[in-house]
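Below is one structure, written out as structure tokens; the observations come after it.
The values are calculated or read from the model by the stated rules, or taken from the named source; none is laboratory data. Not measured: the values here are computed from a predicted model. Quick reminder, even Gly has a Cβ in these numbers, built from the backbone with ideal geometry, and neighbours come from all protein chains shown. Surface areas here come from the heavy atoms of the whole protein model, side chains and all, with no ligands, DNA or RNA. Shrake-Rupley method; radii C 1.70, N 1.55, O 1.52, S 1.80 Å.
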Amino acid sequence: MKKPRIFGMSFGSVYPLYIQKVEKKGRTQAEVDEVIFWLTGYDEAGLERVLDQKVDFETFFEEAPSMNPNVSLITGVICGYRVEEIEDPLMQQIRYLDKLVDELAKGKAMEKVLRQN
């Protein structure tokens, strides 16, 4: 079976789109980074390396230092799919990130986006 195109896309090609999406709604790049750090365990240096090396989504998530143990708290619909029901683990991780960025853009409080209460 052919892999979805997003798996091979450079994370760095989508990252600016995440930032653009949230900045239109008054949020910041730092908040996008915070969401990425929370979800994947990357830190600023790790994210910078990923962007510089033009790592694809598959590698981005494979090499993530530690997926947050609270990812199961991320629920809802993104791109027409319920994130908690997506069977492919990589696609689910990508959609988790999409969902968090979407919630950020919609003005949710950072504590809620990061599932802290």
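So here's what we get for this one:
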| item | result |
| --- | --- |
| Residue within region 54-65 that is among the hydrophobic types (A, V, I, L, M, F, W, C), modelled with pLDDT of 95 or more and more than 15 Å from the chain's Cα centre (by Cα) present | no |
| Residue within region 89-104 that is open to solvent by 50 Å² or more (accessible area, probe 1.4 Å), at pLDDT 95 or above and either of a type in the set (Ser, Thr, Tyr) or in a loop (DSSP other than H, G, I, E, B) (or both) present | no |
| Filter result (over 11 Å from the mean Cα position of the chain (by Cα) and of a type outside the set (D, E, K, R)) within region 31-53 | Gly41, Tyr42, Ala45, Gly46, Leu47, Val50, Leu51, Gln53 |
| Subset of region 30-40 (residues that are open to solvent by 30 Å² or more (accessible area, probe 1.4 Å) and free of Cβ contacts under 8 Å to residues at least 40 places away in the same chain) | Ala30, Phe37 |
| For Thr28: the one exception among (1) of a type in the set (S, T, N, Q); (2) within 13 Å of the chain's Cα centre (by Cα); (3) farther than 30 Å from Lys2 by Cβ | (2) |
| Arg27 more than 19 Å from Ile74 (Cα to Cα), exposed (fewer than 12 other Cβ atoms within 10 Å of the Cβ) and of a type in the set (Lys, Arg) | no |
| Conditions (1) more than 18 Å from Ile6 (Cβ to Cβ); (2) β-branched (Val, Ile, Thr); (3) touching a Gly at 6+ places or on another chain (Cβ under 8 Å); number of the one not met by Val50 | (1) |
| Residue in region 98-107 that is basic (Lys, Arg) and within 12 Å of the chain's Cα centre (by Cα) present | yes |
| Counted residues, region 4-24 - those being modelled with pLDDT of 95 or more and either surrounded by fewer than 16 Cβ atoms within 10 Å (Cβ to Cβ) or not small (Gly, Ala, Ser) (or both) | 13 |
| Complete set of residues in region 66-76 that are open to solvent by 80 Å² or more (accessible area, probe 1.4 Å) and in contact with a helix residue (DSSP H, G or I) (Cβ under 8 Å, 6 or more places away or on another chain) | Ser72 |
| Leading residue by the ranking (nearest to Leu104 (Cα to Cα)) among those in region 45-65 that are touching a helix residue (DSSP H, G or I) at 6+ places or on another chain (Cβ under 7 Å) and open to solvent by 70 Å² or more (accessible area, probe 1.4 Å) | Pro65 |
